[in-house]
1. Does region 8-26 hold any residues that are surrounded by 14 or more Cβ atoms within 10 Å (Cβ to Cβ) and of a type in the set (A, V, I, L, M), and which are they?
2. Scan region 18-64 for residues that are among the polar types (S, T, N, Q), closer than 26 Å to D2 by Cα and modelled with pLDDT of 95 or more and report the count.
3. Exactly one of these conditions fails for S53: (1) touching a Ser or Thr at 6+ places or on another chain (Cβ under 7 Å); (2) exposed (fewer than 12 other Cβ atoms within 10 Å of the Cβ); (3) of a type in the set (G, A, S). Give me its number.
4. Say we look at region 32-64 and pick out the residues that are under 18 Å from the mean Cα position of the chain (by Cα) and β-branched (V, I, T); which of these is farthest from G8 (Cα to Cα)?
5. When the residues of region 38-64 are narrowed to those that are of a type in the set (K, R) and in a helix (DSSP H, G or I), which ends up nearest to F25 (Cα to Cα)?
6. Which pairs have Cβ atoms under 6 Å, sit 6 or more apart or on different chains, and link a residue in region 1-28 that is over 13 Å from Q59 (Cβ atoms) to one that is part of a helix (DSSP H, G or I) and at pLDDT 95 or above?
7. Mind checking whether some residue in region 1-14 is in a helix (DSSP H, G or I), under 9 Å from the mean Cα position of the chain (by Cα) and at negative phi?
Amino acid sequence: MDRIPNIGPRGQQQRSRLGYIALAFSAVLAVILVASGLPSVWRLAVFVPLWISALGFFQAKDKT
């Protein structure tokens, strides 16, 4: 399926930057949650920033 780009290079950079920032935040959050000894269910909190990271990368790649 052909996609029609609706963002330019600057928008792609912004979305990629968001992806990297959210990925770094996810890694730091995961380390903190594991090191703190909280119950495993708390690790589900890492899902949200990872999801935001993936959205940023996919949007930058597909120019949407």
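1. Selection gives L18, I21, A22, L23.
2. Narrowing region 18-64 to residues among the polar types (S, T, N, Q): 26, 36, 40, 53, 59, 64.
Narrowing further to those that are closer than 26 Å to D2 by Cα: 53, 59, 64.
Right, trim to modelled with pLDDT of 95 or more and you get 53.
Final tally of qualifying residues: 1.
3. Going through (1) touching a Ser or Thr at 6+ places or on another chain (Cβ under 7 Å); (2) exposed (fewer than 12 other Cβ atoms within 10 Å of the Cβ); (3) of a type in the set (G, A, S) one by one, S53 breaks only (2).
4. Selected residue: I32.
5. R43
6. Here the result reads L23/S53; F25/P49; S26/V46; S26/P49; S26/L50, each pair linking region 1-28 to a residue that is part of a helix (DSSP H, G or I) and at pLDDT 95 or above.
7. Residues of region 1-14 that are in a helix (DSSP H, G or I), as a first pass: 9-14.
Retained after the next criterion (residues that are under 9 Å from the mean Cα position of the chain (by Cα)): none.
Within region 1-14 (the criterion being in a helix (DSSP H, G or I), under 9 Å from the mean Cα position of the chain (by Cα) and at negative phi), the answer is no, since none of the residues qualifies.
The values are calculated or read from the model by the stated rules, or taken from the named source; none is laboratory data. Treat the numbers as computed from the prediction; the structure is a model and nothing was measured. Using ideal geometry, Cβ is built from the backbone for each residue, glycine included, and neighbour counts are taken over all protein chains shown.
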